[in-house]
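These notes concern the structure reproduced below.
What follows is calculated from the coordinates using simple rules that are stated; it is not laboratory data. These figures come from a predicted structure and were not determined experimentally. Every residue, glycine among them, receives a Cβ derived from its backbone with ideal geometry; neighbour counts consider all protein chains shown.
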Ligand code: ADP
């Protein structure tokens, strides 16, 4: 029962029970005596002092004149009209107040008596109830609006409500603080401040935990709260304030903060609590909803990103329900989210279907958590299978048990795993079949302990990890290499990496050369953790290198000790290496040879020929041999037989030449001497012929002189006659001089170097020496005139000597034939012919020819068929050497009549 009701009851009780009190004791309430027109005659009762009209005097105002304006209107007419009804009259009271009364009128004597009681309390209670009702309605309205508005509008709607609260209660600053679930502190969710009020708070402002200690059961006026909790000062400053809590099942969840406001009498604590609850409860629920939505969105996004989604088994119907996202991920958008378990299993690859079915069964019957990796049944699944991880568990107990789980796309991981496994297997295979062993040595107290060896250790060395532990490993190393091994470990620990080579014994007792490359791995602090390295079996390579080294040494000795000159040079003739014999010839040290140019010792002509010859070397024909003549320091001339081999790069370009040379100077000299002596011998042999050559002009001259003397003595010596004779004598003198001159020239030593010349000069030279002699001996000489002029290279005197030899031999053979057959007419024919490359000089006779059995031998030195003292057997052999030296060939055959010699020379 409200206080208003109580009052009313009291009022009623008193009315019926209380007798009229004697006038000396004022009766409770207000008693007015009225005349029939409604003029107030007297006023009495306990409420009398409250009326604004204290003394009536003679004035007798009408009752309505004592009433407030609104109430005056409610009484119309005269008192007789007012009886038998309850009258509510508001009197003007002192100090501008209003006295609310209720009562009735009854006749009393000639007039009327108006009995009224104060119903101020009653009205106030009603007003309060109304106010509360309004509050309630407002609360419901706000609550409703907050509940139904769309989520994004919640902040605006809430702020609107705050504003209407502020305006209705005239609260300058108002805010709602919520407990922030993340940092467990209080935070302003929304605030409103009247335009003329200072902003006490900001939306989103953190308030810390100061509100935690405030009593959350009832609204607190700041005045009372401050003393308990001085920290509130920080929120309100010096302002007045009211704090209204909202509690839910977990405790205080929100505070309504009203600044510069200390409450209002009409609004009870309960109303404040209700209002706050009406604001906070739906807001918190909407915020929870929002959080849930966001979480859901996040989860869906996550499911989409991960290709995952939940499922739940519904055992009662043997169905499975799948998250829409999962259906989408599985590419089964068109199938219902709830489907028969068997239908769902159809999606799984047959290879994994049975296993998954069985595990789902275990989950349902035994409660065994499910974890399986399965492939999806897809047309291209074999090439690029889609892998899912299916996980499930039981939630709850008894009848509320649920079987839920998720499926996660692990294709990437699975395929990577498969690829990695394949790559790993390939690598393992590779390592196992290669001559390399990969090892790991763990760092323990300054030492490295073998912790792992790849599988290739066993086939390579026959050992296992157990055989190669820290204690035994050193003993497997070759005693000579142990120091090396210990140093390797020290260097590895010191420098972090090492490369060394040592021998290690295998199970059969054989030593293998191992190339060891290791790296040290350290932790974050730089402390050694382990060493990772590999052993490469380089036994073959090491032994081969050893052999190469040995053979290189042998070759080096061979090259150094060789009597032959050995060198390497570039195509521009710059030496890159030369051995001691070459250095000796060039009068320097072997070390000084590189950089010198071979062309330095060659004449221009020789150098040109040399470079030209080197330029003709090819990959197919890399070797060329020639005799070169050099002008060496301090020596006259040297002849080297020089053999070159070209070294080519990949493109077939000549990079270098390796050459071996032999000094041929002595041979050359003796050849020269031989030629010279052969020449002298020829001259000696020709002495008879030459005497004839010179005799002939002498005879002609003597005859001329005798004839001239005869004429002079007879006095018949005309000048013309004498002149003609003297000219003949002069011609003969010149002829004899030519012969003698040519003999002198012929007798000289040959030039050192070959020169181009016209071979007909040699024929003429031979004729000048032999022509007359042959004719004197009755040998016919047929010379076919050459209708061309050509050049060959060599020595003109030597070719002449060859021709002399051939003609003299022919002469000898012819004369010996005529000796047996006086009728025989000896004849020697000489003619020349040529093609594009060669010149051929034919010397033929009509003698006996050469015994075919001797044809092979006549060019041998000292072969002769002539009697001792006559033939030397050197003529043809020397001639052969001369022609060969000029790059040509001397050959013989028996012709139709006699011997037929051919001198073939290359044209230039
Ligand atoms: P020699 O003339 O001193 O014997 P050669 O070397 O000049 O030495 O000649 C070798 C031999 O070849 C001669 O002894 C001779 O038997 C033979 N011979 C050379 N030329 C002729 C020729 N025109 N006819 C026949 N025999 C020849």
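Normalised by 2.2 N^0.38 Å, with N the number of residues, the alpha-carbon radius of gyration of the range 751-908 equals 1.01. Between helix 539-561 and the chain there is an angle of about 30 degrees, using the helix long axis and the longest principal axis of the Cα atoms. Pairs of C-alpha atoms in the range 216-349 farther apart than 24 Å represent 56 percent of all such pairs.
Three principal axis extents describe the C-alpha atoms of the range 661-727; from largest down they are 78, 21, 10 Å. Listing 292, 485, 721 from fewest to most neighbouring C-beta atoms within 10 Å gives 292, 721, 485. To the nearest 0.05, how large is the calculated FRET efficiency for residue 564 and residue 677 if R₀ is 35 Å and r is the Cβ-Cβ distance? It comes out at approximately 0.70. For the chain, the pair-distance distribution built from all alpha carbon pairs, in bins 20 Å wide starting at 0, is 9, 14, 15, 11, 12, 10, 9, 8, 5, 4, 2, 0, 0 percent.
Taking the C-alpha atoms only, the angle from helix 482-495 to the longest principal axis of the chain is near 50 degrees. The value of relative contact order for the chain, using C-alpha pairs under 8 Å at least six residues apart, is 4 percent. Against the chain, whose longest principal axis comes from its Cα atoms, helix 120-148 is set at around 20 degrees.
At 1.306 mPa s and 10 °C, plugging the Kirkwood radius over alpha-carbon pairs of the range 306-394 into Stokes-Einstein gives what diffusion coefficient in µm²/s?
119
Can you bin the range 482-538 into rounded, prolate or oblate? Criterion: square roots of the alpha carbon gyration tensor eigenvalues sorted a ≥ b ≥ c, rounded for a/c under 1.5, prolate for a/b above b/c, oblate for the rest. Prolate is the answer for the range 482-538, as a/c is 1.5 or above and a/b outweighs b/c.
In percent, rounded to a whole number, the relative contact order of the range 210-293 is 26, using alpha-carbon pairs under 8 Å and six or more apart. Note on the range 582-690: Cα-only Rg and Dmax are 18.6, 67 Å. Here the gap between residue 469 and residue 727, fully extended at 0.36 nm per residue and compared with their Cα-Cα distance, gives a gain of 80.8 nm. Calculated from the alpha-carbon coordinates, the range 35-144 shows an Rg and a Dmax of 17.2, 62 Å respectively.
All Cα-Cα distances of the range 776-823, cut into 10 Å bins from zero to the largest, leave 20, 40, 27, 12, 2 percent in each bin in turn. If you take the alpha carbon atoms of the range 169-262 and fit the smallest convex hull around them, that volume is 87 Å³ per residue. How large is the translational diffusion coefficient of the range 90-172 in µm² per second when you combine the Kirkwood radius over alpha carbon pairs with Stokes-Einstein at 25 °C and 0.890 mPa s? Calculated translational D: 146 µm²/s. Can you list the residues of the range 115-147 with backbone N under 19 Å from a point 7 Å past the Cα of residue 268, pointing along Cα to Cβ? Within reach of a label on residue 268: 120-140.
Taking a ≥ b ≥ c as the square roots of the eigenvalues of the Cα gyration tensor, the range 833-908 is oblate, since a/c reaches 1.5 or more and a/b is not larger than b/c. Percent of Cα pairs in the range 337-474 per distance bin of 10 Å, from zero to the largest separation: 10, 25, 19, 15, 19, 11, 2.
With the Kirkwood sum run over all distinct C-alpha pairs, the range 247-288 has a hydrodynamic radius of 11.4 Å. In terms of its alpha-carbon gyration tensor, the range 413-552 comes out oblate; a/c meets the 1.5 threshold, while b/c is at least as large as a/b. Highest mean packing comes first when the peptides 554-564, 26-36 are listed by Cβ atoms within 10 Å, giving 26-36, 554-564.
Starting from the Cα of residue 145, step 7 Å along the direction of its Cβ; do the same at residue 510; then give the gap between the two resulting points in nm. Each label point lies 7 Å from its Cα, and together they span 9.8 nm. For the range 762-908, relative contact order (Cα pairs under 8 Å, six or more residues apart, normalised by length) works out to 26 percent. Note on residue 491 and residue 651: the model spin-label points, each 7 Å out from Cα along the C-beta direction, lie 4.0 nm apart. Label zone of residue 893 (point 7 Å out along Cα→Cβ, amide N under 13 Å): in the range 813-854 this covers 842-843. The fewest-to-most ranking of 498, 792 by surrounding Cβ atoms within 10 Å reads 498, 792. Protection proxy ranking for 418-426, 246-254, using the average of other Cβ atoms within 10 Å per residue and placing the highest first: 246-254, 418-426. Here the mean projected area of the convex hull built on the C-alpha positions of the range 654-794 is 14.4 nm².
Report note on the peptides 641-652, 107-118: ranked by the mean count of other C-beta atoms within 10 Å, highest first, their order is 107-118, 641-652.
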